[in-house]
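To start, the structure itself, in structure tokens.
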Amino acid sequence: MAPLTGILSDLNRVLLTADQIHDRVSAMAAQIGSDYAGKVLTVVVLMDGALFFVSDLLRQIDLPIRLVTLGASSYHGGLESSGQVQIQWPAGVRFAGEDVLLLDDILDTGLTLSALRERLLAESPASLRTAVLLDKKRPRNHDCPLDYCGFEIADEFVVGYGMDYQGRFRNLPCIGILKP
Ligand code: IMP
Ligand code: MG
């Protein structure tokens with residue numbers, strides 16, 4: 001792929017290169033594939049942030065996966081969480097008796113994933129696990145157990161590989177910190 005030198009120049013620094021992300025996502029896929037061997041896995045993914053993560057991850061898992069995309073937002077495009085989660089739940093979608101893996105790009109305050117976990121548990125799945133690419137190391141009010149985590153990062157606002165600032169920079173192949 002040609003390097004995106006234009007948007008790269010908007011970064012203060014690169015935190016994780018495309019190669020580092022690729023290697024780690026492959027390792028996560030191998031782990032998840034072996035943990036769910038013989039099962040029909042349902043992956044519930046939060047859009048849009050986890051778009052590239054879910055795409056790269058699931059194409060390396062050798063299982064007949066059912067994929068359900070959900071929208072949930074607490075940020076409304078800024079740098080800080082608004083404190084309330086809005087979940088767009090498609091009509092008629094049910095998870096009773098299924099092995100569900102909830103996937104998101106990043107665990108920050110934990111508000112989004114803890115709300116989603118509660119909503120999914122109410123569906124009586126056979127099992128529910130959670131996977132994120134990034135886990136921000138910060139104090140959390142909302143407890144959210146993680147079963148799979150790509151990288152632990154410091155408490156900084158990141159963009160790229162699906163993650164945005166005001167709707168932009170999702171297409172950056174690496175993950176980085178924006179210039180102030
Ligand atoms: P939480 O509810 O505070 O854990 O926030 C989770 C959601 O906020 C994630 O799904 C992301 O979409 C977004 N988010 C949190 N931190 C960042 C960041 O550093 N960059 C971009 N989006 C973020
Ligand atoms: Mg998100």
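The values are calculated or read from the model by the stated rules, or taken from the named source; none is laboratory data. No experiment lies behind these values; they were computed from the predicted model shown. So basically every Cβ, Gly included, is an ideal-geometry build from the backbone, and we count neighbours across all protein chains shown. These area figures cover heavy atoms from the full protein model, side chains too; ligands, DNA and RNA do not enter into them. Shrake-Rupley method; radii C 1.70, N 1.55, O 1.52, S 1.80 Å.
Some notes on this structure:
- Remark: spin-label model distance S127-Q31 equals 1.5 nm, labels positioned 7 Å along the Cα→Cβ axis.
- Listed residues T69, T5, T112, T42 arranged by accessible area, highest first, probe 1.4 Å: T5, T69, T112, T42
- Remark: region 19-153 is approximated by an ellipsoid whose semi-axes, taken from the C-alpha gyration tensor as √(5λ), come to 22, 19, 13 Å, largest first.
- Excluding ligands, DNA and RNA, the accessible surface per residue across the chain is 50 Å² with a 1.4 Å probe.
- Region 15-67: trypsin sites (Lys or Arg not before Pro) falling in loop per DSSP and having at most 12 other Cβ within 10 Å: R59
- Given R0 = 35 Å, the distance between the Cβ atoms of H142 and A2 translates into a calculated FRET efficiency of 0.30.
- Residue-averaged [θ]222 nm for the chain, counting only DSSP H segments that reach four residues, each worth -39500 (n - 2.57): -6500 deg cm²/dmol
- Nearest-ten-degree value, helix 111-121 long axis tilted from longest Cα axis of the chain: 20
- Sequence-distant lysines (8 or more away, or on other chains) whose Cα lies within less than 29 Å of K179: K136, K137
- For the Cα trace of region 31-76, dividing Rg by the Kirkwood Rh returns an Rg/Rh value of 1.03.
- Size of charge dipole - the chain - debye, nearest 20, with Cβ of Lys, Arg +1 and Asp, Glu -1, no other charges: 180
- For the chain, the share of accessible area belonging to carbon and sulfur comes to 50 percent (1.4 Å probe, ligands and nucleic acids excluded).
- In a fully extended conformation the segment linking D62 and R13 would gain 14.1 nm over its present Cα-Cα distance, using 0.36 nm per residue.
- Per residue, the convex hull around the alpha carbon atoms of region 5-66 comes to 99 Å³.
- Take 138-145, 162-169 and order them by the average number of nearby Cβ atoms within 10 Å per residue, most first; the result is 162-169, 138-145.
- Å³ per residue enclosed by the Cα convex hull of region 21-101: 117
- Region 39-55 versus region 92-111: alpha-carbon centroid distance in Å: 9
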